[in-house]
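Inspection log for the structure reproduced underneath, given as structure tokens.
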Amino acid sequence: MLQVPNLPNYQLPQPSYNAVKIDIHNPNVNGATNPLQVPQYPNSQYAAPTAPYYTYPQAQLYDYPQAVNQPYYTPVQQPCYVPVQQPVNVNANATANAAVQAPAAPQPVVEAPKAEAVVPAPVVPAPQVAEAAAAVSAPQQAAPQQVNINEAPQPAPVVTEETKNAAEQPKVEVVPPTPAEPQVDLNSFLARLTNPDFEVQANTMEEIANMVNDEAQKAKATELLDSKIVDALTNIINTDSSKLAGPTQEQIAARQKLMSGQQISDDEKKLATTITPMEQAERNKSYAMFTSAILQKLYGDEVAKLTGTTVPLTELPAAMTIVDQLKDNPNPMVRTSAIEALSYIQKPEYKKDLTTLFSIAKNDQDKGVQDAAAAALEKLNQI
């Protein structure tokens, strides 16, 4: 009877599944850090296994033939007659498959045997000769088109009713907008307004006033709403005429005779009607205030048309310059022109401010200024 030796009783460590001993970031059971690693057993007379439990082949799962650099079909070689030592057994299926799958290897060129060593070729049956001829003529066929299997086939474009209509519609050529050319030569107006000749200034201001009042040219006149034009008119209003030559005593006497209806000579009449530089400057101040008032009204109308709001009186171009002339200019003719210019731009929104100005002007020292202020107040109360 076979005696079984008593083997030592090995106590295997019991797994402990206490949640305290589990590492959340590197969980393991029984101290194993790798799922494929075998735990070590202490006090064992057998060596712990070192190989993993499972092995797997390292080779690729799929083995496919590599592409060859040689062309699929070689050019047809000239037939040559080679003595055959053994009969050739040609299989129809094998010959056809070999002709399609693999390119024909070039046949070695063998010199023809001498005449005395001619060996008759074996007789090949008719069906085998036809199969051999087909195999020879096969390389002359067109090569099949190579297809890249890594590229996904492109789907055919879907023609919808919208794309069809879009293709049928004519293409619209987009022309970039060309910048609009100015209709008014602004530099020319500026040059004439700043000209030292007072007559040139007066004619230019008259041209601006006529352009604004003409409905056909009002759109063109909006280009004159430029700060440079306003500044030029303001400079004319603020011109210091005290240093310019005024009328002489002879001119004053000739004018008094002319105004009273007395008989005067031609020389006295010419002297009375001659305007001195100081008088030209004062006249141009009145012209400049009228021209500024016309442009201010045009500016206010354009702003109201675009935004639906009214520009305050104090924000109109050169409006406060006209108010200063009404209060401080010593020439009653200039003060009268200032009242008439402010009356031209009156609006319901300006009624309170204009009423205050015209009421003060009614107490002016000059009778002409008083009459102009009274007429402006009457016109203002009608709106």
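The values are calculated or read from the model by the stated rules, or taken from the named source; none is laboratory data. What you see is a predicted model; the values in this text were computed from it and never measured. Reconstructed Cβ throughout: ideal geometry from the backbone, glycine too, with neighbour counts over all protein chains shown.
Observations
- Matching residues in segment 193-222 - criterion: being among the hydroxyl-bearing types (Ser, Thr, Tyr) and within 17 Å of Ala293 (Cβ to Cβ): Thr204, Thr222
- Filtered residues of segment 310-346 (kept if surrounded by 16 or more Cβ atoms within 10 Å (Cβ to Cβ) and in a loop (DSSP other than H, G, I, E, B)): Val311, Leu316, Pro317, Ala318, Asn329, Asn331, Ile345, Gln346
- Failed criterion for Ile237 (all others in (1) surrounded by fewer than 16 Cβ atoms within 10 Å (Cβ to Cβ); (2) closer than 30 Å to Lys351 by Cβ; (3) among the aliphatic types (A, V, I, L, M); (4) touching a Lys or Arg at 6+ places or on another chain (Cβ under 8 Å) hold): (1)
- Looking across segment 347-376, the residues that are farther than 21 Å from Gln296 by Cβ and not in a helix (DSSP H, G or I) come down to Lys362, Asn363, Asp364, Gln365, Asp366.
- For segment 261-278, a residue qualifies if it is within 60 Å of the chain's Cα centre (by Cα) and hydrophobic (A, V, I, L, M, F, W, C), and exactly one does: Met278.
- When each of Ala245, Ala221 is tested for being closer than 25 Å to Lys327 by Cα and in contact (Cβ under 8 Å) with a residue 24 or more places away in the chain, the lone residue that passes is Ala245.
- Filter result (of a type in the set (Val, Ile, Thr) and surrounded by 16 or more Cβ atoms within 10 Å (Cβ to Cβ)) within segment 262-281: Ile264
- Checking each residue of segment 248-264 against the condition of being in a helix (DSSP H, G or I) and within 25 Å of Tyr350 (Cα to Cα) gives no match.
- Taking each residue of segment 357-379 that is within 13 Å of Ser337 (Cα to Cα) and looking for partners that are surrounded by fewer than 17 Cβ atoms within 10 Å (Cβ to Cβ) and of a type in the set (Gly, Ala, Ser) with beta-carbon atoms closer than 6 Å, six or more apart or interchain, yields nothing.
- Selected residue [of a type in the set (Val, Ile, Thr) and out of contact with any helix residue (DSSP H, G or I) (no Cβ under 7 Å at 6 or more places or on another chain)] from Thr239, Thr222, Thr273, Thr234: Thr273
- Of Ile264, Ile275, all but one fail to be among the β-branched types (Val, Ile, Thr), touching a Lys or Arg at 6+ places or on another chain (Cβ under 9 Å), modelled with pLDDT under 90 and farther than 22 Å from Leu298 by Cα; the exception is Ile264.
- Filter pass, Lys305 being touching a helix residue (DSSP H, G or I) at 6+ places or on another chain (Cβ under 6 Å), surrounded by fewer than 17 Cβ atoms within 10 Å (Cβ to Cβ) and of a type in the set (Lys, Arg): no
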